[in-house]
């Protein structure tokens, strides 16, 4: 389990210029989350590459504290 604020802080550190960064605890158990991230660093990358950037940013958190993570990632429009 990880506090949502700590998880959001980690994501904001990795994507400091994100146009959108929303985090939702899906079950209230602090281990199933949904993240919506709109960031320029995703431009030109496949969805898989975008998700890999997020997983890399979370590193060891994905090995236990975060059991499930639903992702919606994209570059800003325009």
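Among the criteria (1) within 13 Å of residue 71 (Cα to Cα); (2) crowded, with 16+ Cβ neighbours inside 10 Å, the one residue 24 does not fulfil is (2). Taking region 57-76 as the range and being out of contact with any helix residue (DSSP H, G or I) (no Cβ under 8 Å at 6 or more places or on another chain) and modelled with pLDDT of 95 or more as the test, the residues that pass are 70, 72. Confirm whether residue 44 is under 21 Å from residue 76 (Cβ atoms) and surrounded by fewer than 16 Cβ atoms within 10 Å (Cβ to Cβ). The answer is yes for residue 44.
The values are calculated or read from the model by the stated rules, or taken from the named source; none is laboratory data. The shown structure was predicted, so the numbers you read here are calculated from the model rather than taken from an experiment. Cβ sites come from the backbone with ideal geometry, for glycine too, and all protein chains shown count toward neighbours.
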